[in-house]
Amino acid sequence: MANLELYGYVILFAPLVATVLITCLTLKHKALSGWVAIAGMLAALTANALMAAEVFSAEPGFTRVYEIEWLSAGSVVIPFGVQVDALSTLMGLVVTGVGSCIFIFSVGYMKGEEGYSRYFACLSLFAFSMLGIVMSTNLIQTFIFWELVGVSSYSLIGYYLEKDSAVDAGKKAFLTNRIGDFGMTWGIILLFYTIVDTLGWDRASFSFEDLRLLYEDTGAVGAIMAEHAGTLALATLLIFTGAVAKSAQVPLHVWLPDAMEGPTPVSALMHAATMVAAGVFLVCRLFFMFAPYPEALAVVAWMGGITAFLAAALAFVQHDIKKVLAYSTLSQLGYMVLALGMGSPPAAMFHLTTHACFKALLFLGSGSVIMGCHHEQDMRKMGGLRKKMPVTFWTFVIGTIALAGIFPASGFWSKDAILGSASINHTVPGATFLYGVGVLVAFMTAAYMGRCVLLTFFGKYRGHAHPKESPATMTGPLVLLAVASLFAGALSLPKGISAEGGWLERALVGVQAAPSWFAGVHEEQFHLSVAIGGTVAALLGLFVAYMFYGSRKWSIDGFVSKVGPLHHLLEKKYYFDEFYLWIVREVQQRVAVLSNFIEVHILRWIVDTIAAIHRWFGGQIRLLLDGHLHRYITLALLGVVVILTAVLVGN
């Protein structure tokens with residue numbers, strides 16, 4: 001265990017070292033820049049694997065915190081360090097493992113790009129930022145890296161500087177996330193004020209470990225915390241707004257589909273394994289703050305269920321292959337947030353892990369297709385690619401099976417864990433309805449992914465390029481991710497399948513006597529009826545997709561004509577963008593005009609009037625001080641007379 005601190009800092013800083021080396025030394029050497037970035041990620045992955053070997057072999061609930069004092073102001077101490085436990089180790093493996101595959105894939109995909117070195121420098125900076133969130137020991141350190149993720153993602157989404165749409169997408173992502181971060185800031189402030197003011201807490205470091213002990217206190221401190229439950233619940237939900245923006249939950253989801261303007265490997269890294277998963281990870285890390293407040297968990301559950309359904313519906317009307325996967329990511333993130341609201345963070349982390357594998361596979365597979373079709377992204381101009389790109393085809397199919405939750409792929413087990421937690425929850429209002437939404441989303445997921453596969457790989461080729469299989473630097477990561485997508489479900493086979501229950505659950509939750517980040521979480525069980533229901537829904541979705549886009553026995557045009565208003569609503573993306581534009585144009589702009597009027601015609605008039613009065617008095621005084629000696633003597637004598645008069649009158 002002596003090397004855990006070293007492993008933690010290597011995981012954190014290896015990508016940053018790569019960023020510095022590329023920026024300072026290899027900017028003009030493109031090929032070398034790519035391999036420096038890959039070396040940084042592989043170093044982080046190696047350290048993470050060594051850490052995992054020790055952490056997962058220790059007792060459940062194992063936690064080590066390594067900190068140094070960074071900033072201090074009075075009793076407030078802000079440390080900097082790394083936290084080593086099962087949660088950070090698992091998330092680190094996801095980021096570094098999937099990230100390494102994406103970095104290697106990028107070597108082939110970005111070949112010939114003008115900003116090749118800049119791309120890898122930004123990619124490494126983004127990995128450093130994300131790993132900073134994963135390894136952080138306290139809320140302040142987390143928030144700093146949270147903002148750094150926003151900055152680095154802005155540079156990657158807007159990588160194609162010459163494209164206005166890419167630049168606009170970067171700004172949209174940045175500004176939308178700032179809305180959530182504003183709420184998160186106020187949540188941290190409210191939490192800090194409440195705890196320090198009511199408890200007189202002299203350890204105001206906001207260490208996760210210290211906060212957890214406060215929330216789990218059953219004595220006098222716990223009683224005081226219970227008296228301020230409303231304020232603390234509000235602070236928790238405000239912090240959750242940061243997760244809503246990062247994990248693209250409704251209504252702050254609008255940035256993620258537009259972020260597909262960035263290079264496809266960026267989409268795979270940010271929108272499958274890292275940035276969008278940060279919100280889910282944060283709620284898992286702070287689950288002890290949510291658990292005491294059923295109302296907060298209900299808000300989380302309903303937000304996740306609504307997002308899962310609305311996003312899945314939008315995927316049906318997309319023609320851009322990356323946009324289909326983008327809305328799929330939104331929907332699956334909703335699944336994870338639903339699991340959190342149902343009181344099952346292990347299920348959320350399980351699905352986060354499996355989803356990172358198969359969604360990164362699907363994004364990279366779409367990148368291989370796009371490159372093979374000479375940067376064509378419209379599925380209507382594809383078709384028949386299964387024979388021309390066999391490796392891409394079979395790996396993409398495996399990713400689709402995993403995403404649809406078909407046995408025995410990894411998605412089957414993690415989806416079942418989420419639906420199982422929803423089926424037995426009796427505390428969240430409408431839990432049964434949300435379980436039904438989860439099953440319906442399983443059907444929709446299989447249907448739109450079946451549509452994607454059939455349009456892209458089957459039928460006749462409808463484009464004008466000459467597709468061919470991608471090079472080994474691109475197909476190699478696809479094969480690795482395909483294997484992970486098939487077998488990652490073995491990480492947490494539930495009781496009823498595995499004698500001891502899920503390994504992942506035991507590692508994260510721990511035994512009853514051990515410290516637990518997820519105290520009170522129910523044990524995951526295998527529910528045969530739930531598994532059958534989810535599987536039947538998925539198979540039915542694939543059947544519907546085949547009837548519309550495979551055999552074409554059902555007419556998609558006829559169906560669209562029958563549901564015309566609904567189809568139009570989906571094409572307009574529920575008018576969220578129009579609503580936000582209306583707010584900017586009608587509300588924000590009018591507030592700006594009013595503010596300008598107040599500033600120009602009221603505040604400036606007040607300031608100018610005060611300045612004019614001072615100028616007038618100054619001018620009058622200046623007339624007296626004109627340099628004539630006799631006037632100065634006269635003024636001095638007058639002053640003496642006034643002083644003497646005042647003294648005499650006073651006596």
How much FRET efficiency would the formula 1/(1 + (r/R0)^6) give for Lys381 and Val584, where r is the Cβ-Cβ distance and R0 is 35 Å, rounded to 0.05?
0.55
If each K or R counts +1 and each D or E counts -1, the residues other than Val107 whose Cβ falls under 12 Å of its Cβ total +1
With no solvent and one equal point scatterer placed on each C-alpha of segment 234-361, evaluate the Debye formula and give log10 I(q)/I(0) for q = 0.11, 0.15, 0.20 Å⁻¹, two decimals.
-0.33, -0.61, -1.05
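Looking only at Cα atoms, what is the convex hull volume of segment 132-179 per residue, in Å³? Each step should come with its number before you reach the end.
Working: hull volume 2.6 nm³, N = 48.
Hull volume normalised by residue count: 54 Å³.
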Taking amide hydrogens as modeled 1.01 Å from N in the peptide plane, which residues meet the under 5 Å criterion relative to Arg462, leaving out close sequence neighbours?
Met382, Gly383
Over segment 294-355, what percent of the accessible surface lies on carbon and sulfur atoms, probe 1.4 Å?
76
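Hey, what did segment 305-430 get for relative contact order, percent, Cα under 8 Å, at least 6 apart? Provide the component values of the computation, followed by the final result.
On the way: 134 pairs, mean separation 34.2, N = 126.
RCO, segment 305-430: 27 percent.
State the percentage of accessible surface on segment 374-413 attributable to carbon and sulfur atoms; use a 1.4 Å probe and exclude ligands, DNA and RNA. Don't jump to the answer; show the numbers that get you there.
Working: 1020 of 1660 Å².
Solvent-exposed carbon and sulfur of segment 374-413 make up 62 percent of the total.
Using a 1.4 Å probe on the protein chains only, how many percent of the accessible area of segment 117-248 belongs to carbon and sulfur? Display every interim value, and only then the final one.
On the way: 3190 of 4640 Å².
Percent of accessible area from carbon and sulfur atoms in segment 117-248: 69.
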Spelling out what I want: for every residue of segment 447-452, take phi, set θ = phi - 60°, compute 6.51 cos²θ - 1.76 cosθ + 1.60 (Karplus), and round to whole Hz; glycine and proline get x.
5, 6, 6, x, 4, 4
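Give the peptides 543-556, 14-27 in descending order of average Cβ contacts within 10 Å, highest first. Don't jump to the answer; show the numbers that get you there.
Numbers: 543-556: 14.9, 14-27: 19.5.
Ranked by mean Cβ neighbours within 10 Å, highest first: 14-27, 543-556.
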Suppose all protein chains stay in the model; what accessible area per residue would a 1.4 Å probe give for the chain, in Å²?
42
Between Trp70 and Phe56, what is the label-point separation in nm under the 7 Å Cα-to-beta-carbon projection?
2.8
Rank by packing, highest mean first: peptides 249-258, 565-574, 422-431, 292-301, with packing defined as the count of other Cβ atoms within 10 Å averaged across residues.
249-258, 292-301, 422-431, 565-574
Given R₀ = 56 Å, what would the calculated FRET efficiency be for Val479 paired with Asp168, taking r from the Cβ atoms and rounding to 0.05?
0.95
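Using 0.36 nm times the number of residues separating Lys111 and Ile621, minus their current alpha carbon distance, what extension gain do you get? Before the final figure, lay out each step's value.
Working: separation 510, 0.36 × 510 = 183.60 nm, distance 7.48 nm.
So the chain would gain 176.1 nm between Lys111 and Ile621.
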Options (1) 240; (2) 205; (3) 294 are given for volume of the Cα convex hull per residue in Å³, and the computed one is (1)
How large is ³J(HN,Hα) for each residue in segment 157-162, as worked out from phi by the Karplus curve 6.51 cos²θ - 1.76 cosθ + 1.60 (θ = phi - 60°), to whole Hz, x for Gly and Pro?
5, x, 4, 7, 4, 7
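Over the chain, what is the relative contact order in percent, taking alpha-carbon pairs closer than 8 angstrom and at least six residues apart?
Values: 1056 pairs, mean separation 81.5, N = 651.
Normalised by residue count, the contact order of the chain is 13 percent.
Which value in deg cm²/dmol, rounded to the nearest 500, describes the helix-derived mean residue ellipticity at 222 nm for the chain, given -39,500 (n - 2.57) per DSSP H run of n ≥ 4 and division by the residue count?
Numbers: 29 runs with 451 residues, N = 651.
That comes out to -23000 deg cm²/dmol.
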Once R0 is set to 41 Å, what does the formula 1/(1 + (r/R0)^6) return for the Cβ-Cβ distance between Leu638 and Val607, expressed as a FRET efficiency to the nearest 0.05?
0.75
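The values are calculated or read from the model by the stated rules, or taken from the named source; none is laboratory data. On a predicted model such as this, the values are computed, not experimentally measured, just so you know. Note that we place each Cβ from the backbone using ideal geometry, even for glycine, and neighbour counts take in every protein chain shown. Accessible surface is based on the protein model in full, side chains and every heavy atom, while ligands, DNA and RNA are left aside. Shrake-Rupley method; radii C 1.70, N 1.55, O 1.52, S 1.80 Å.
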